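Worksheet: the structure to be examined is printed underneath.
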Amino acid sequence: MRQVLHIFKKDVRCFRYEILVILSMTALFAVLGGHSQPVVTQFSQGIDELNVLYRLFLPVGWWYLIAAVIHEEALPGHQQFWLTRPYARTSLLGAKLLFIVVFVNLPVLLADCVIISTQGFPASGYLPNLLCRQILFSTLWLLPLVALATVTNRLRQFFTALLTIAVLFFILFYALGMGTLFYWGRAAWIANSLFILILGMAALVILPLQYAKRRTTLSCGIAICAVVLAMTVPALLPPAAVYGFQLALWKSPTEHSSVHIVFDGTRERTQTWMTDTVRGAAEIDVPLEVTGVPKGADLISDYVGVTLESADGRRWQDVGRTMLYRSRGHYWLKVHVRDAVFEQQKNNPVTLRTIAYFTLLGDRKSSRLEAQAKSAAVPGLGLCSALVTRQRDWSIICRSPFRDTSLFALDSIIPNESDDTLSLPQGGSYSPYLAESGISPLVATFQGSMTVTDPSLKAVNINTESALGHFRSDFEIHDIRLDDYLIQ
Amino acid sequence: MTCAIRTENLSKKFKDLAALDGLNLSIPEGAIYALVGPNGAGKTTTIKILMNLVHASSGRAEVLGIESSHLSRREFTNIGYVSENQEMPGWMTVEYLLEYLKPFYPGWDCALVKELQRQFDLSPRAKIRQLSRGMRMKAALTSSLAYRPKLIVMDEPFTGLDAMVRDQLTEGLLEQAAGTTVLISSHDLAELESFASHIGYLARGKLCFSEEMSSLTERFREVEVICAAPPVLPSEWPEAWMRPHTSAAVLRFVESRFDSEKTAAEILRRFPDARNVSFTPMSLRAIFLAFAKTANEAA
C-alpha cells in the first residue's frame, strides 16, 4: 500500500495541471447538468445544447487523463526506466486505479449528486442508484479505456486507436441503424449488458495480463476480438432470443391464456393512423381481433416476427419493425414485406406465421400537468414540464434520475381522452439495473409534442401504466391477400 | 566460481533474423565484464533479455541466480541498469527523481547520492528533459549506484559523450561500485580496456570469445615475419593466425593464441627462410578490428 500511495503521489505531482483542468470540467458539467431545464425555453435550450456538446468533450478529458497516467509507466516497449526498477506490478496497477477513482470516479459521483439534487431529486434517496451508475460508468467508460491505454505507449497511438474504434461503432450503431447504447427502453438492456460485459471482461483480462506479464501482442489480440464481439454480438442478437430471455427472467408467469389473437376478416382497410415507411418494403396493416385482455389492462407487442408462406410452400421473412398497435379501439399488425416479394405475392393467398412477444400493461395512473415554466413531479416519470407555444403546440418533457422509468407513458394525453386515440406507449424499460450508462445522470423518460385545438386548455393528463407481465403468443393468419391491406 | 550472470544456449529471433544464436555466457561475481562486438552483434538484445525487457526465443538466462524472465521487485533492488536509450521521466528534476526512487530501495545511501551529485556536478533543480545527454547519463548512473547494487548493467553508456564526461562516468563507476559486478556493452574500446577485467566478443549473435582481459591481451600479437624471398602462404593455414597478408618479403598476421616459444617455432617450421620475426602487443581496438574484419571476410 505504501508503494501504491508513493506512485499515486508522484502521478498527482506530474499531472497536477491536467487534474485541475479535468476537475474544473467536471464541475462545469455539474453546473450545466444541474441547471438544464426540461422545459424547452430559448435559454434552457441553449444550456441543453451546450450540455450535449459538453458531454462529448468531457469523456475525452477523462480519457486523456487516464491514458496520460497509464503512459507515465507505459507497458509496451522496453526502454521505460521503470521496467528495471523494483516496482511491484500490483502496486503500480493499484496506484493507477486509485488515481482514476480519485480524479474521475469521485468527481463524477459528486457531479451526479449535484446534478440530481439541483434538479430536485435529493441524492440521499438515490444511493443504490449512484453506486450502480458508478459500476456501469466505470465498466463502460473507464475500464476499456484503461485497458486500451495499457496496450499503447503514446497519446497519439491511444487516440488513434480510440478514434478508429469510435468510427467503427458510429458506422455500426448509427449508419447501420443497429441501435444505440444510450437507448435502454424495453429489453435493450440485454444487448447493452452484453456489450458492456464483453468490453468489461476483456478489460479485466487485459489489465492483469499487461501488468503482470506485459504481453502486449496477446492483449491487443484480446482487445481487437472484444471490440469486434462487442460491435457484432449485441447487434446481431435475434430479437426473438432477446425477448425469450426477458420472458425467462420474469419473476412470475403471466396469466395470458385468456388472450386470443386472430385475424379479423370483417374489417376492411381503413385510413391508417400510423405509417412507418421502410425503404424497399411494402407496408401492410392486417386487422386483428384481440380478445381476453384483462379489464383495465393494455396489450403491447415487444417483438413480432412474421414469416410469409405462399400456397406452394415458399417462405419469406418480414424486413423487421413489425408491430401490433391499437387505433380507434382496433388492433392492427403492421408488417413490412420486401417490394419484390409483395409484387410477386400480392394477389395470391398467403399465410402469415408469427412469433410474438407481448407485455400486458395495467395499473393505470393519471397525473395532471399544467402548462407552466416550472416542472412538476409526476409519480414514476420524474419531473415533467409542459410548454405551450403560441401555435398551441404542447411540448412535454419528463426527466428522471439514473434510469428510464419502468412505467409506460401513454401518448394519449388530452383530457377526457378515450381509447379511440392512437395508443403508442412511450418509455418503459425492463432493465433490472438501477441506472443507465449515459454520461449524464438524468434520463428523458417521456417526450411528446402535440397541437391542441382547444385554446383554453390549461392542463393535460399523463397516463402511465406498469408492465404486469410478459408472454409469448404466436399466431397464424391463413389465406389473406396482401394487396387488400397495403398502406398506400 | 559463482556467476552473477549465466546464459545457456540463449537465442532470440526477430521474425527470421537471429539476433542471438545459442549464446553461452558466464560473468563471474565482482567482474567488470565488457561485452563488445560490431553493430547488430546482439549486445543490446542480450542485455535486454538479461533485464527481462524482452523474452528469449529459447535457452535460458540467469541473473543473480534467478531466471531472468522471473526477475521481480526483490531482484531489482540489487540491480542497476543504465542505457543510452532509456526513457527517463523528463518532467522530474534530478532531486525529485532521486527522492522518488529512494523508497523503492532498502539500501539507498543518501550520503552516496550527495557524493555522486557532487562528483558528477549534477544540478538538483534541473529537469531531466533539460539535461544534456552526458548529464542525463550521470543522473541515471547516480540513481543506479545510490543503493549499492550487486550488479550494474550498462548498455552503451558512453555513446555520444565527450571524453571528459566519459572519464567522469568511469571514475564514478569505479570508485563507487567497487566489488559490484558490472556488465557493460560499449563501442568505446579504449575506455573499456582501461578498467574491464573480463571481455566477451559477440558477432552475429555468437560469442566468439569470453575471457579475462589480461589473458586476451596476452594471447593476441601482431606478427611480422621478414623472409629471404616473398613468402608463399601454405594451403593449410593455422586457424589462429588471422588476416595474413604479404608485401614483398614481409608477411604480417595476427596471432590469436600467442605463446612466444611455440609461435616462433611454428613460424620457423612453416617459413624456414624467415630472417626476422617480431611480435607486437595489440590494443583492444586492434584485436576488435582483427576479429571484425575476419568475420566480415568469412561472411
Inset, instruction - Run down the lysines and flag those whose C-alpha is under 22 Å from the C-alpha of A:Lys458, throwing out any fewer than 8 positions away in its chain. - result: A:Lys365, A:Lys374
Legend entry - Directionally averaged shadow of segment A:190-346, computed from the convex hull of its alpha-carbon atoms, nm²: 14.5 nm²
Inset, instruction - Scale the Cα Rg of segment B:1-145 by the rule-of-thumb value 2.2 N^0.38 Å and send over the ratio, two decimals. - result: 1.17
Inset, instruction - Please list, in chain and number order, the residues 5+ apart from A:Ser327 or on another chain whose amide H is under 5 Å from its amide H, with Hs placed from the backbone. - result: A:Trp332
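How far, in nm, would the chain grow between A:Glu18 and A:Leu229 when pulled straight, counting 0.36 nm per residue and subtracting the alpha carbon separation? Working shown, then result.
On the way: separation 211, 0.36 × 211 = 75.96 nm, distance 3.37 nm.
Between A:Glu18 and A:Leu229, full extension yields an extra 72.6 nm.
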Inset, instruction - Within 10 Å of each Cβ in peptide A:74-80, how many partner chain Cβ atoms are there on average? Round it to a whole number, please. - result: 4
Legend entry - Local electrostatic count at A:Leu83 - Lys and Arg +1, Asp and Glu -1, tallied over other residues with Cβ under 15 Å: +2
Inset, instruction - Divide by every residue of the protein assembly as shown the summed helix terms, -39500 (n - 2.57) for each DSSP H run of at least 4, and state the resulting mean residue ellipticity at 222 nm, rounded to the nearest 500 deg cm²/dmol. - result: -11500 deg cm²/dmol
Inset, instruction - Please give the contour-minus-distance gain from A:Asp393 to A:Thr266: 0.36 nm per residue of separation, less the Cα-Cα distance, rounded to one decimal in nm. - result: 42.0 nm
Inset, instruction - Report, by chain and number, residues whose modeled amide H sits under 5 Å from the one on A:Gln80, excluding near sequence neighbours (fewer than 5 apart, same chain). - result: B:Glu87
Legend entry - Sorted peptide list for A:237-247, A:71-81, A:13-23, criterion being average Cβ within 10 angstrom, highest first: A:71-81, A:237-247, A:13-23
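Select from segment B:215-250 those GluC sites (Glu not before Pro) which occupy a DSSP coil region and have at most 10 other Cβ atoms within 10 Å, ordered by residue number.
Details: sites: B:Glu218, B:Glu222, B:Glu224, B:Glu236, B:Glu239; in loops: B:Glu236, B:Glu239.
Answer in residue order: B:Glu236, B:Glu239.
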Inset, instruction - Give the Debye-formula value of log10 I(q)/I(0) at each listed q (0.14, 0.23, 0.24 Å⁻¹), with one equal scatterer per alpha carbon of segment B:164-239, two decimals each. - result: -0.67, -1.20, -1.25
Legend entry - In order through segment A:17-33: 3J(HN,Hα) via Karplus (6.51 cos²θ - 1.76 cosθ + 1.60), integer Hz, x for Gly, Pro: 6, 4, 4, 4, 5, 5, 5, 5, 4, 5, 5, 5, 4, 5, 5, 4, x
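Over the protein assembly as shown, average the accessible area per residue using a 1.4 Å probe and give it in Å², no decimals. Walk me through the intermediate numbers first.
Values: 36240 Å² over 787 residues.
Result: 46 Å² per residue.
Students often check this: by mean Cβ neighbours within 10 Å, which of B:50-59, B:261-270 ranks highest, and how do the rest follow?
Highest-to-lowest ranking by the protection proxy: B:50-59, B:261-270.
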Inset, instruction - Output the Cα-based Rg and Dmax of the protein assembly as shown in Å, rounding Rg to one decimal and Dmax to a whole number. - result: 39.3, 132
Inset, instruction - Obtain the nm distance between the two label points defined at B:Arg129 and B:Ser278 by a simple spin-label model: each point lies 7 Å from its Cα along the Cα-to-C-beta direction. - result: 5.8 nm
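Can you pull the mean other chain C-beta count within 10 Å for peptide B:66-73? Could you put the intermediate results ahead of the total?
Values: counts 0, 0, 0, 1, 0, 3, 4, 8.
Taking the mean over all residues of the peptide, I get 2.
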Inset, instruction - Rank B:Thr159, B:Met88, B:Ile184 by how far each Cα sits towards the positive end of the charge dipole of segment B:88-206 (+1 on Lys, Arg Cβ; -1 on Asp, Glu Cβ) and give me just the farthest. - result: B:Met88
Inset, instruction - Please give every one of the lysines within straight-line cross-link reach of B:Lys43, meaning a C-alpha to C-alpha distance under 16 Å, and leave out same-chain neighbours fewer than 8 residues apart. - result: B:Lys12, B:Lys13, B:Lys206
Inset, instruction - Two decimals is fine: what is log10 I(q)/I(0) at q = 0.25 Å⁻¹ for segment A:95-169, from a Debye sum with one equal scatterer on every Cα and no solvent? - result: -1.12
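For the ranges B:114-126, A:430-442, what's the packing order if you count other beta-carbon atoms within 10 Å of each residue, average per peptide, and put the highest first?
Top to bottom by mean Cβ count within 10 Å: A:430-442, B:114-126.
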Inset, instruction - Any chance you could check the Cα centroid distance between segment B:43-83 and segment A:281-297 for me, in angstrom? - result: 73 Å
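Partner chain Cβ atoms within 10 Å, averaged over the residues of A:143-156 - can you pull that number for me? Walk me through the intermediate numbers first.
Working: counts 0, 0, 0, 0, 0, 0, 0, 0, 0, 0, 1, 0, 0, 0.
Mean partner shielding for this stretch: 0.
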Legend entry - Rounded Å value of the spacing that divides the Cα centres of segment A:310-359 and segment A:77-134: 50 Å
Inset, instruction - Mind grabbing the interface size between A and B? I mean buried accessible area, both sides, 1.4 Å probe, in Å² to the nearest hundred. - result: 2300 Å²
Legend entry - Nearest-0.05 FRET efficiency for A:His35 and B:Ser72, computed from C-beta distance (R0 56 Å): 0.60
Inset, instruction - Pop out the carbon and sulfur fraction of the accessible area of chain B as a percent, whole number, probe 1.4 Å. - result: 48 percent
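Which of the helices in chain B, when you take each full DSSP H run, stretch at least 30 Å along the axis at their Cα atoms and have an average Kyte-Doolittle score of 1.6 or higher?
Numbers: long enough: none.
Membrane-span-like by this rule: not one helix.
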Legend entry - Partners for B:Lys262 among aspartates and glutamates (Cα-Cα distance below 17 Å; same-chain residues under 8 apart left out): B:Glu218, B:Glu222, B:Glu224, B:Glu239
Inset, instruction - Give, in nm to one decimal, the length gained when the segment between B:Ala229 and B:Glu29 is fully stretched (0.36 nm per residue of separation minus the Cα-Cα distance). - result: 66.8 nm
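The values are calculated or read from the model by the stated rules, or taken from the named source; none is laboratory data. As the structure is a computational prediction, the values presented were derived from the model and not from experiment. Counting neighbours? That spans all protein chains shown, and the Cβs are built from the backbone with ideal geometry, glycine included. Remember, those area values only see protein heavy atoms, side chains included, never the ligands or the DNA or RNA. Shrake-Rupley method; radii C 1.70, N 1.55, O 1.52, S 1.80 Å.
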